[in-house]
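Single-structure report; data block below.
The values are calculated or read from the model by the stated rules, or taken from the named source; none is laboratory data. Predicted, not measured: the structure shown is a model, and the values here were computed from it. Using ideal geometry, Cβ is built from the backbone for each residue, glycine included, and neighbour counts are taken over all protein chains shown. Please note that ligands, DNA and RNA were not included when accessible areas were found on the heavy atoms of the full protein model with its side chains. Shrake-Rupley method; radii C 1.70, N 1.55, O 1.52, S 1.80 Å.
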Amino acid sequence: MHSSYNIGAGGLTALVLLLLSSCSTLTIRNVDFGWPVESVQTVSSSNRIEDVRYALSMSAASLAAEEFQDSTALIGKEVRILRSRDGLYFVTGPEFRSVYVFAPSTGELSLTNKLEISPTGMKKPALNQRSPFVELLDGESFRRMLTGDEIIERTNP
Amino acid sequence: MSSRHSLFLLLCFVSFSVAAQTRQSDFETKAAFEQTWRALKSSIASASTTAELDSLKGRIDIFEQDYQSHRAFLDKAVYPETFRTVIAGLREEVRQTYDRVFLIQTQGVRIDELEIQLASLIQNLDSLSVQRNSILQELQNLRRSNSRMQETIKRLTANLEARDELIFALVDTVFKGYDMNVDKAREVQLDALSRRLDKVNAVDRIYDIAANNIRILELLRLEGKDYSPLINQYRRFRQRWDALRDRLNAAYADAAAARTAKQGKGKKGAQAPGEEIQPGAQVDSILAVWDTSLLGSFWGGLYNEFISEEILIRPFDDATSFSTSITAYVDSMKANESDASHFVSDVWKERIDKHWREPLSLDAVLGRTEYAALDKKVSELGEKKVDSKFLGYLAIIVVVLGSAWLFFSRRSKSGRVTPPPAPADGTGSN
């Protein structure tokens with residue numbers, strides 16, 4: 001009986017180890033998703049943003065509704081997108097008051113943060129990759145250093 | 001390279017250099033870099049002297065310095081190119097173009113000399129055009145004075161021949177130096193050739209000469225002998241044009257293709273596939289009109305020679321139908337044994353042979369052999385008539401002489417006194 005208990009304990013241990021190993025996932029760390037330069041796209045008449053180089057295609061309707069309370073407000077307008085080193089998508093454009101931060105998942109982009117920049121709207125915003133940050137410019141002296149969560153550094157005229 | 005192009009490039013440099021220094025958007029930096037890159041490529045492609053290329057080398061150095069600080073960024077931003085490959089590519093293009101331009105300047109074409117030669121030829125051509133207009137005006141005033149008109153026609157013909165010589169010499173000069181089959185130099189050569197063809201306005205000038213000749217035909221009241229120089233002039237013009245047409249069409253098409261390729265590398269070409277550029281087509285059509293007018297006038301004038309002398313022959317409008325018509329007329333005269341003296345002597349010998357033989361004997365019209373055959377046929381018709389008359393007279397003379405001989409021979413026979421035979425016994429009759 002005692003020996004059968006010992007065998008049972010060993011078998012149980014082996015079973016647990018086997019279960020644990022089958023549940024583990026392969027993870028590659030320190031991946032740089034950053035685009036070297038932002039993508040500047042004009043929203044098509046079908047209200048879509050299409051980027052050929054990065055093979056990104058999405059509707060602009062939800063973004064326009066959120067920013068301008070009009071789902072068609074972005075048609076024919078310029079939208080600037082930059083993917084950060086972390087893989088988050090930073091989206092903004094002229095007259096935007098905010099920079100939108102999206103995280104990708106299967107077949108969708110989910111808003112993780114909306115960084116309020118200017119209550120009157122930006123004039124000529126631009127996004128630069130400054131790892132680990134994303135740099136937001138609007139004119140020569142306006143600068144914000146952004147992460148997915150917050151505005152780190154401000155330089156105003 | 002035009003001064004406008006140079007100015008544009010300079011402005012690009014200034015503005016983009018400023019942008020590179022004061023810029024803050026990476027996107028703008030990339031766009032400015034790419035725009036300057038494209039402008040430099042375009043300038044290199046259109047450069048036609050080594051001096052321009054030397055200047056471009058300096059600009060590439062400045063371009064490299066301006067963007068050196070963005071090198072790491074540009075290596076990623078202009079993927080699949082890198083900053084180094086962009087600069088190296090520009091320098092390689094300068095080197096290749098330098099080779100081509102140097103080849104043309106040293107071995108190919110003495111462009112400056114040819115330009116002077118062209119300018120002189122164009123000036124001569126223009127002065128001949130003025131002279132021709134003055135002769136044409138004179139011709140219109142002289143329509144009633146036949147002898148002075150003939151003299152004016154001679155001057156006009158000489159003027160037209162000089163113009164023909166000059167226009168083809170002009171086009172030959174344009175093509176001079178562009179016959180080398182050197183692929184390296186081909187694109188630059190075609191570009192320069194196209195510019196020179198546009199400058200001399202070759203197709204329009206050739207068209208103009210043909211159109212003027214048609215106008216002159218309408219103005220002139222031509223006689224048989226006048227046609228020889230005009231037909232010869234047309235034939236020479238036609239042969240020269242035939243030799244030139246394909247070359248000219250090919251040059252225009254190649255130059256247009258090279259321009260399209262240069263302007264729209266990577267873009268859809270402005271010229272649809274299969275579309276052929278044939279600037280010579282308009283000259284072909286006017287030459288067809290010239291041919292019809294000249295030969296129509298010639299055959300019409302010749303036919304009138306017969307009709308005005310009431311020789312009713314079948315109408316004709318080319319060499320074959322003329323030959324057939326004359327042969328049929330001669331045959332009918334023979335068959336009917338009609339008197340052909342008027343046709344042979346007054347019309348054929350006096351008018352056709354004297355005034356129309358020369359143009360008819362031209363290879364482009366009837367040809368020497370064919371004319372000689374027709375002339376023999378017509379002459380035989382005359383000779384036959386003379387022979388029969390002669391034979392008639394001869395027969396009459398023979399008959400008269402025969403009759404006379406018979407008559408006299410009989411008379412002499414009947415009038416002879418025959419002495420009576422002597423009596424056999426030696427006594428007289430008393």
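A few remarks follow.
Rundown of residues vs (1) open to solvent by 20 Å² or more (accessible area, probe 1.4 Å); (2) more than 23 Å from the chain's Cα centre (by Cα); (3) at pLDDT 85 or above, yes/no style:
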| site | (1), (2), (3) |
| --- | --- |
| B:Ala210 | no, no, no |
| B:Tyr227 | no, no, yes |
| B:Arg235 | yes, no, yes |
| B:Ala250 | yes, no, no |
| B:Ala257 | yes, yes, no |
| B:Gly266 | yes, yes, no |
| B:Glu276 | yes, no, no |
| B:Gly280 | no, no, no |
| B:Asp284 | yes, no, yes |
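- Candidates B:Asp339, B:Asp317, B:Asp331: the one that is acidic (Asp, Glu) and within 30 Å of B:Arg240 (Cβ to Cβ) is B:Asp317.
- Checked against (1) modelled with pLDDT under 90; (2) in contact with a strand residue (DSSP E or B) (Cβ under 8 Å, 6 or more places away or on another chain); (3) assigned to a helix (DSSP H, G or I), B:Leu10 passes all but a single condition, namely (2).
- Tally of residues being farther than 17 Å from A:Ile152 by Cα, aliphatic (A, V, I, L, M) and more than 14 Å from every other protein chain (Cβ to nearest Cβ) across the stretch A:92-136: 3
- All of B:Asp339, B:Asp331, B:Asp317 fail the test of being closer than 16 Å to B:Leu374 by Cα, open to solvent by 70 Å² or more (accessible area, probe 1.4 Å) and not basic (Lys, Arg), apart from B:Asp331.
- Single match in A:Glu78, A:Glu95 (criterion: at positive phi, out of contact with any Leu (no Cβ under 7 Å at 6 or more places or on another chain) and charged (D, E, K, R)): A:Glu95
- Residues of the stretch B:65-79 include none that is β-branched (Val, Ile, Thr), away from chain A (no Cβ under 14 Å) and either open to solvent by less than 30 Å² (accessible area, probe 1.4 Å) or more than 45 Å from the chain's Cα centre (by Cα) (or both).
- A:Phe90 satisfies every condition listed in (1) touching a residue at least 24 places away in the same chain (Cβ under 8 Å); (2) assigned to a loop (DSSP other than H, G, I, E, B) except (2).
- Of all residues making up the stretch A:56-91, the number that are open to solvent by 60 Å² or more (accessible area, probe 1.4 Å) and within 14 Å of another protein chain (Cβ to nearest Cβ): 2
- Strands (runs of 3 or more DSSP E) contained in the stretch A:94-155 and holding at least 1 residues over 25 Å from A:Gln69 (Cβ atoms): A:98-105, A:125-130, A:133-138, A:143-146, A:151-155
Let's see how each residue does on (1) within 21 Å of B:Ile231 (Cα to Cα); (2) outside the structural domain of B:Leu222 (by TED's automatic domain parsing); (3) at pLDDT below 75:
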site	(1), (2), (3)
B:Gln131	no, no, yes
B:Ser134	no, no, no
B:Gln137	no, no, yes
B:Leu142	no, no, yes
B:Met149	yes, no, yes
B:Lys176	no, no, yes
